[in-house]
Amino acid sequence: MARNSENTFPKWLRYFDTIDSTNNYAMRLTDDGMAYHGDVVWSLHQTGGKGQRGRQWQDEPGSNLAMSIICQPSLPADSQFRLSALVALTIAKYLQTIFSGWQVAIKWPNDIYINDKKACGILIENIFRGMEWTYAIIGIGINVNQQSFPDNIPNAVSLKSASGKSYDLAELVTDIRAGILNALSTTQTRADTQKLMDNYNNLLFRRGREVAFEELASGRKFEAFVQEVNSNGELVVLSHSGIETFAFGSVSWKI
């Protein structure tokens, strides 16, 4: 149920105690012609939160951040990975500012890891009308104040468990929205994109280290050194066979 946000929250924010999925609600706003650039849907609990590849995002009610930002990208239709990298980098750099003791990294394509454990997941759903990229729904889930996690997700960490500090969810919503909208407005040129990718790769999870992978189509298991992510959003690795590139969804990490 939504709170009466007229006097409590800014006009760009739609707040819910519980919702099926903030991304789903944001999609409905675009379908109904009620979506505006910079609108945010935020809920303290999602009953059907979505992760990558159809996975469900699990959260502890009231402890974590689940939000979706509606944006009109103003980017070419083939720039979807640029948006993904921009969002991941913006959140990673923001997390670096709120606690200096963290080792923050971006696990390709856009998970955020703190001290080698997953703290944040991002799911971007794009809407096209013809050839025009009209909206991007940027779904962001961050483990914030949750202190323990189910046994089936042992690689998770929260901001609180990694720092010993509690964090204000409304402040995180406001800061992350502002950071992403600002980054969108200042990343337009080819030079901007190159700088974006350089900064993204500087924070690339396990860059220069050997990682075990599985190629999903063939079932091939192999080890390779993580090199970079190229401007097409492909992961570049150095395996025993030489340099190989992989599109998102074609390989899984074995961590």
The distance between the Cα centres of region 196-255 and region 73-100, in whole Å, is 19 Å
Rounded to the nearest 10, the angle in degrees between the Cα long axis of helix 80-98 and the longest principal axis of the Cα atoms of the chain comes to 80 degrees
Starting with the fewest neighbours, write out T8, T193, T245 ranked by other beta-carbon atoms found within 10 Å of each beta-carbon. T8, T245, T193
Which one is right for this structure if Cα extents along the principal axes in Å is calculated from it: (i) 60, 45, 34; (ii) 49, 42, 39; (iii) 54, 37, 33? (i)
Backbone N under 15 Å from the S241 label point (7 Å along Cα→Cβ), restricted to region 214-232: 214-225
So how much slack lies between S148 and S231, counting 0.36 nm per residue of separation and subtracting their Cα-Cα distance, in nm? 26.2 nm
List the aspartates and glutamates whose Cα sits under 20 Å from the Cα of K165, skipping any in the same chain fewer than 8 residues away. D59, E60, D116, D175
What nm distance separates the two modelled labels at E214 and D17, each placed 7 Å from Cα along Cα→Cβ? 4.2 nm
Angle between the Cα long axis of helix 190-202 and the longest principal axis of the chain, 0 to 90 degrees, nearest 10? 70 degrees
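In percent, what relative contact order does region 13-202 have, based on Cα pairs under 8 Å that are 6 or more apart in sequence? It would help to have the intermediate numbers written out before the result.
Working: 341 pairs, mean separation 39.5, N = 190.
This gives 21 percent for region 13-202.
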GNM of the chain, Cα pairs under 10 angstrom: of G242, G233, G121, the biggest fluctuation goes to G242
For F222 and A77, calculate 0.36 nm times their separation in residues minus their Cα-Cα distance, and state this gained length in nm to one decimal. 48.8 nm
Whole-Hz Karplus couplings 3J(HN,Hα) for region 9-22, θ = phi - 60° and coefficients 6.51, -1.76, 1.60, Gly and Pro as x, run 10, x, 5, 7, 10, 10, 9, 9, 5, 9, 8, 5, 7, 5
Which lysines have a Cα lying under 25 Å from the Cα of K221, excluding residues fewer than 8 positions away in the same chain? K107, K117, K118, K254
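Since every read-out is calculated from the coordinates, none of them should be taken as a lab result. All values derive from a computational prediction rather than experimental measurement. Neighbour counts run over all protein chains shown; Cβ positions are idealised from the backbone, glycine included.
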